[in-house]
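To start, the structure under review is shown below, and the notes come after it.
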Amino acid sequence: EKGVNKSKTPRYIECKDDGVILHPSKTFVPRADLQDANSPIQKLIAELKANKDKQYLIVALRPDGIDMFNQIRNLVEGEGIDIGYEPIEYGLQLTVEQGDKQKGDE
């Protein structure tokens, strides 16, 4: 990213085949609720849009989550929100603490 988002706070989600997990709350949003205006992912996107000069989205991408990632990326980039991603393996447990960088525990 060449440090473009260095001064921004990252927000984390995890893309899987059947939906997304918001971190650090570990709230699961199924694929069917992705477009629901009241879903937690839509609320996160609205919050990121309102704070796009201070926050950006990091996506932890599971091998089966490519399609979900593409849907999220289209939603987020359409709102002018910065996004980054990190591929992660199936067995890797993702731990994200409030205000912390992501940590992987095998």
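The values are calculated or read from the model by the stated rules, or taken from the named source; none is laboratory data. The structure displayed is predicted, hence computed values, not measured ones. Heads up, the Cβs are rebuilt from the backbone with ideal geometry, glycines too, and the neighbour counts pull from every protein chain shown. Quick note on the areas: whole protein, heavy atoms, side chains included, nothing else; ligands and nucleic acids left out. Shrake-Rupley method; radii C 1.70, N 1.55, O 1.52, S 1.80 Å.
Side notes on the structure shown:
- For Gly19, net neighbour charge (Lys/Arg +1, Asp/Glu -1) across residues whose Cβ lies under 14 Å away: -3
- Toward the positive end of the charge dipole of the range 1-78, with +1 on the Cβ of Lys and Arg and -1 on the Cβ of Asp and Glu, the farthest Cα among Leu44, Ala32, Met68 is that of Leu44.
- Computed accessible area, Glu89, all protein chains, 1.4 angstrom probe, square angstrom: 130 Å²
- The residues neighbouring Leu48, those whose beta-carbon lies less than 11 Å from its own, together hold a net charge of +2 under the Lys/Arg +1, Asp/Glu -1 convention.
- The listed residues Glu86, Glu79, once ranked by accessible area (1.4 Å probe) with the largest placed first, stand as Glu86, Glu79.
- Stretchable slack from Tyr85 to Asn38, in nm (0.36 nm times residue separation minus alpha-carbon distance): 14.5 nm
- The heavy atoms of Arg31 present about 80 square angstrom of accessible area, all protein chains included, probe 1.4 Å.
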